[in-house]
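Written out below as structure tokens is the structure these notes cover.
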Amino acid sequence: MFLSKLFIPITKDLPSEAKIKSHQLMLRTGMIRQSSAGIYSWLPLGFKIMKKIEQIVREEQNNIGAQEMLMPTIQSADIWKESGRYDDYGEEMLRIKDRQGREMLYGPTNEELITEIFRSSVKSYKSLPQMLYHIQWKFRDEVRPRFGVMRCREFFMKDAYSFDIDEASAKKSYNKMFFAYLKTFKRLGLEAIPMAADTGPIGGDLSHEFVILAETGESKIYADKKIFKIELDKFKFNDDSLANMRKELTSFYAVTDEKFNKSEFDKAVNKSDQIITKGIEVGHIFYFGDKYSKPLNCLVDSQEGKKNSVKMGSYGIGVSRLVGAIIEAKYNKDIMKWPKSVSPFDVVIIPSISKNNTENLTKANKIYQELKKQNIDVLLDDVDENMSAKFKKHDLIGVPYQIIIGSKSKGDQFEFKEVNGETQTLSLKEIKEKIKN
Ligand code: 5CA
């Protein structure tokens, strides 16, 4: 892609409500544009990054055997009345009437709808367990939408639902998701801590929030440093190993302020290992048994011929929130630092261009074609602008590698800069290897 063709409306004027770095940087680099309070359009740069995050989330769901589907954004109020949540959900739910006067709503989550789908098709223990998920827009009429994509009214969420015959097997599904979450956040370059959490309007008595450390997070967190030392690779994908994994990870003290108790914290964690900071909740998983299956009459025949309410869990990841959360976890001053797995481009070529010297641009074009042939996603800055303005812009955008075509790039040796600031002179072959690795 040529920068001159890319729709990337970089702006300097920031609205006063953009208080945290991710919100400011996303607006400045034209990743998003607010359409009304807590509702955003995703412009090409932001959308591309969100799609990459979505794909990693999808792959890790598929890896544990969850199956992708798609439910609508608009739901009928009837099933919510059956579950009893229609009134409980209160003003956060956006309620709509269709032309026949039927009560509809824009889904804030999908426990009811998925249970309704499930009860009409699955009747026997033989079809269990099942895990289904979709990645779809949600709407919650938050009292105070803020911090850009972190607390929106309309947001993109992966929500998965597990169905099991009994509690023991439902907890195995829970552990699989727990594992998928750790893997997902690791691939996104994040260290997410699982924390025992309150269940709020979703319900149930077993729940973990996955929280990443960031000063601008909304949750205050208290944790034991040692949790970061656990090697995930030692756990295998089988029920016993996954149960051990959850046991080991949750044996360390890690809570948000809702569950904090100072004397327990001091007793459980040495002063030197105590982390007290803020965090961003990027995922939340719940086991709630038959909270929805019972009122919605979602029954399956057990092996003994009894009718049982199916045991369920639900598992959310804030896909759109993750775009902001990654920025918060990685930025340095005005430099965005995308992990390679979600970076909008693999590399950017920055030639020094002037009216009477087009040699650098020609050279840059050649490299561009070479890299494209290797399936490297490359951005070429073909805009006629001075180099310091270009560098500022690319620091903002945060592509992890830069090839700079100026006085220091001679013959087949090129100035190559990593986003952490290290500069080297490398041949194109070496550059390709570096990017591919
Ligand atoms: N039904 C359950 C699990 S599927 C559920 O809705 N859980 S949740 O309420 O915790 O949301 C899941 C994730 O969505 C959260 O961990 C958070 O990352 C994201 N999320 C929730 N509310 C918002 C919001 N207002 N703006 C952006 N992301 C949000």
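Pairs K19/K48; K247/K434; K236/K311: which are spaced more than 28 Å apart, C-alpha to C-alpha?
K247/K434
Output the 0 to 90 degree angle, nearest 10, between the alpha-carbon long axis of helix 387-397 and the longest principal axis computed from the alpha carbons of the chain.
10 degrees
Quick check on the exposure proxy: order L296, L113 from fewest to most C-beta atoms within 10 angstrom.
Ascending Cβ contact count within 10 Å gives the list L113, L296.
Nearest-5 percent of antiparallel DSSP beta bridges in the chain?
Once the DSSP bridges in the chain are tallied, antiparallel ones form about 85 percent.
Sort largest first and round to whole Å: the equivalent ellipsoid semi-axes of segment 160-238, each the square root of five times a Cα gyration tensor eigenvalue.
23, 18, 11
Filter K123/K234; K278/K436; K138/K225; K172/K226 down to the pairs with a C-alpha to C-alpha distance above 28 Å, please.
Where the Cα-Cα span goes over 28 Å, the pairs concerned are K123/K234; K278/K436; K138/K225.
How big is the charge dipole of the chain about its Cα centre, in debye rounded to the nearest 20, if each Lys and Arg gets +1 on its Cβ and each Asp and Glu gets -1 on its Cβ?
Charge dipole, the chain, about its Cα centre: 1020 debye, nearest 20.
Compute the long axis of helix 44-63 from its Cα atoms, compare it with the longest principal axis of the Cα atoms of the chain, and write down the angle in degrees, 0 to 90, nearest 10.
For 44-63 against the chain, the angle is about 50 degrees.
Using a Förster radius of 56 Å, what is the FRET efficiency between Q303 and Q369 based on their Cβ-Cβ separation? Nearest 0.05, please.
0.35
Counting other C-beta atoms within 10 Å, which of R102, R187, R140 has the fewest, and how do the rest follow?
Taking fewest neighbouring Cβ atoms as first place, the list is R102, R187, R140.
Seen from all sides and averaged, what is the projected area of the convex hull of the Cα atoms in segment 232-384, in nm²?
18.1 nm²
Calculate how many DSSP beta bridges within segment 347-436 are antiparallel, expressed in % of all such bridges and rounded to the nearest 5.
60 percent
With just the Cα atoms of segment 382-426, tell me how far they stretch along each of the three principal axes, in Å, largest first.
Ordered largest first, segment 382-426 gives principal extents of 28, 25, 14 Å.
Taking Cα atoms, how many degrees apart are the long axis of helix 167-187 and the longest axis of the chain, rounded to 10 and kept between 0 and 90?
With both axes taken from Cα atoms, the answer is about 10 degrees.
Okay, helix-only estimate at 222 nm for the chain: each DSSP H run of n ≥ 4 adds -39500 (n - 2.57), divide by all residues, round to 500 deg cm²/dmol; what do you get?
-9500 deg cm²/dmol
Using the number of other C-beta atoms within 10 angstrom as an exposure proxy, rank W42, W137 with the fewest first.
Ascending number of Cβ neighbours within 10 Å: W137, W42.
Which of the listed residues, V383, T358, V347, is farthest toward the dipole's positive end in segment 345-385, when Lys, Arg count +1 and Asp, Glu count -1 at the beta-carbon?
Farthest along the dipole direction, towards plus: T358.
For the chain, compute the orientation-averaged projected area of the C-alpha convex hull (one quarter of its surface), in nm².
25.2 nm²
Using just the alpha carbons, could you tell me how many Å³ per residue the convex hull of segment 334-385 encloses?
In segment 334-385, the Cα hull volume divided by residue count equals 73 Å³.
Taken together, the values in this text are just the output of simple stated rules run on the coordinates, not laboratory data. None of these values were measured; they are calculated from a predicted model. Because the Cβ atoms are built from the backbone with ideal geometry, glycine has one as well, and the counts that use them run over all protein chains shown.
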